[in-house]
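> I have a structure I would like to understand better, so I am pasting it below and will then ask my questions one at a time.
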Amino acid sequence: GENVEQHPSTLSVQEGDSAVIKCTYSDSASNYFPWYKQELGKGPQLIIDIRSNVGEKKDQRIAVTLNKTAKHFSLHITETQPEDSAVYFCAASPPSEGDKVIFGPGTSLSVIP
Amino acid sequence: GAGVSQTPSNKVTEKGKYVELRCDPISGHTALYWYRQSLGQGPEFLIYFQGTGAADDSGLPNDRFFAVRPEGSVSTLKIQRTERGDSAVYLCASSLAGHTEAFFGQGTRLTVV
């Protein structure tokens, strides 16, 4: 089955700097890649997603890139703010496993004011 | 509008007891997912419903776990003969269809003592 790896596991950045989180996946057939943000005591919330027919997608300060050949995708957050501090999860969804998404282990991001 | 609602938010039970966890999805969402999240890890897929039927239950760890969605809306995750290793946050999510944005509830924190 699909396996998603994510790094770094923890990341600290100064407010205003950029943060980058990288993920790899194992199933080349995966075609949907959502990113979730989880704050303490809350459920994950979708922040951006990308499909395999697109190489890059941007939404204000957040961008995601996808390299299908290398089977990796990345989340970029620019001009970080303290409220960006949370755990971020990447995920992949392979057609062979129906409509479920397989999550990575998460990255704990701390933005230092 | 109302989001995904999970009850109870916290549940403490004794080893060997039976528990039921409830999920009220967003109205009109046909897809419903159950995930389990242990501390410091990403959500782990348990089961996926499309309408009333379980389209994929491959993530249920053993036959002590069972889930139903009799009318295609509310779902109940049932755990028999609970074990301490079942302690985790159980997350429910719903979406309009597969491979679209999944909205998560806040989770039920289950503690087996």
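The values are calculated or read from the model by the stated rules, or taken from the named source; none is laboratory data. Owing to the predicted nature of the structure, the values given are computational and were not obtained by experimental measurement. Using ideal geometry, Cβ is built from the backbone for each residue, glycine included, and neighbour counts are taken over all protein chains shown. The protein model used for the area step is the full one, side chains on, heavy atoms only, and it has no ligands, DNA or RNA in it. Shrake-Rupley method; radii C 1.70, N 1.55, O 1.52, S 1.80 Å.
> Out of every Cα-Cα pair in the protein assembly as shown, what percent are more than 23 Å apart? Numbers along the way, then the final one.
On the way: 12122 of 25425 pairs.
Everything past 23 Å amounts to 48 percent.
> Of the heavy-atom accessible surface of the range B:7-113 (probe 1.4 angstrom), what whole percent is carbon and sulfur?
Values: 2440 of 4990 Å².
Solvent-exposed carbon and sulfur of the range B:7-113 make up 49 percent of the total.
> Express the accessible area of chain A per residue in Å², computed with a 1.4 Å probe while the remaining protein chains stay in the model.
Numbers: 5370 Å² over 113 residues.
On a per-residue basis, 48 Å².
> Still on this model: Considering only the other residues whose Cβ falls under 12 Å of the Cβ of B:CYS92, what net charge follows from Lys and Arg at +1 and Asp and Glu at -1? Could the numbers behind the result be given before it?
Details: positive: B:ARG22, B:ARG36, B:ARG69; negative: B:ASP24.
It works out to a net charge of +2.
> Related question: Using a 1.4 Å probe, what is the accessible area per residue for chain B, in Å²? Spell out each step's value before the answer.
On the way: 5320 Å² over 113 residues.
On a per-residue basis, 47 Å².
> How large is ³J(HN,Hα) for each residue in the range A:82-93, as worked out from phi by the Karplus curve 6.51 cos²θ - 1.76 cosθ + 1.60 (θ = phi - 60°), to whole Hz, x for Gly and Pro?
Values per residue, Gly and Pro as x: x, 6, 7, 5, 4, 9, 10, 10, 8, 8, 9, 10 Hz.
> Between beta-carbons, use under 14 Å as the cut-off and find the net charge around A:ALA19, counting Lys and Arg +1, Asp and Glu -1.
Values: positive: A:LYS22, A:LYS37, A:ARG61; negative: A:GLU15, A:ASP17, A:GLU79, A:GLU83, A:ASP84.
Surrounding charge for A:ALA19 is -2.
> Using unit Cβ charges (K, R positive; D, E negative) and no other charged atoms, how large, in debye to the nearest 20, is the dipole of the protein assembly as shown about its Cα centre? Show your work: numbers first, answer last.
Numbers: 21 positive and 25 negative charges, 89 e Å.
Using only the charged Cβ atoms, the result is roughly 420 debye.
> Then there's this: Counting only protein heavy atoms and rolling a 1.4 Å probe, how much accessible area do B and A lose on contact, total for both sides, in Å² to 100? Write out the running numbers ahead of the final one.
Working: alone 6070 and 6120 Å², together 10690 Å².
Approximately 1500 Å², summed over both chains.
> Another question, if that's okay. With +1 on each Lys and Arg Cβ and -1 on each Asp and Glu Cβ, how big is the dipole of the range A:24-72 about its Cα centre, in debye rounded to the nearest 20? Kindly include the intermediate steps, with their values, before the conclusion.
On the way: 8 positive and 5 negative charges, 17 e Å.
With only Lys, Arg, Asp and Glu charged at Cβ, the dipole is about 80 debye.
> I want to verify the translational diffusion coefficient of chain A in µm²/s; compute it with Stokes-Einstein, Rh as the Kirkwood radius over Cα pairs, at 37 °C and 0.692 mPa s. The partial results should precede the final answer.
On the way: Rh = 14.0 Å.
D = 234 µm²/s.
> Continuing with this model, one more query. Summarise the partner chain shielding of B:38-44 as one whole number: the mean count of Cβ atoms from other chains within 10 Å of each residue's Cβ. Please report the intermediate quantities before stating the final value.
Numbers: counts 0, 0, 5, 5, 14, 10, 2.
Counting other chains' Cβ atoms within 10 Å and averaging over B:38-44 gives 5.
> Still on this structure, I have one more. Just the number: Rg to Rh for the range B:13-76, Cα atoms, Kirkwood Rh, two decimals.
Values: Rg = 12.4 Å, Rh = 12.7 Å.
So for the range B:13-76, dividing Rg by the Kirkwood Rh gives 0.98.
> Let me have the relative contact order for chain A, percent, based on Cα pairs under 8 Å that are six or more residues apart. Each step should come with its number before you reach the end.
On the way: 288 pairs, mean separation 42.6, N = 113.
Worked out over chain A, it gives 38 percent.
> Percentage of Cα-Cα pair distances in chain B greater than 16 Å, rounded to whole percent?
On the way: 3480 of 6328 pairs.
Considering chain B, 55 percent of its Cα-Cα pairs are separated by more than 16 Å.
> Here's something else I'd like to know. Quick check: net charge around A:VAL111, other residues with Cβ under 15 Å of its Cβ, Lys/Arg +1 and Asp/Glu -1?
Values: positive: A:LYS37, A:ARG61; negative: A:GLU15, A:ASP17, A:GLU39, A:GLU79, A:GLU83, A:ASP84.
Result for the local shell: -4.
> Of the accessible area of chain A, with the probe set at 1.4 angstrom, what percent is carbon plus sulfur? Walk me through the intermediate numbers first.
Working: 2520 of 5370 Å².
That fraction is 47 percent.
> Something else: Once you wrap a convex hull around the alpha carbon atoms of the range A:60-104, what is its projected area averaged over all directions, in nm²? Can you show the working numbers first?
On the way: hull surface 17.2 nm².
Taking a quarter of the hull surface, the average projection is 4.3 nm².
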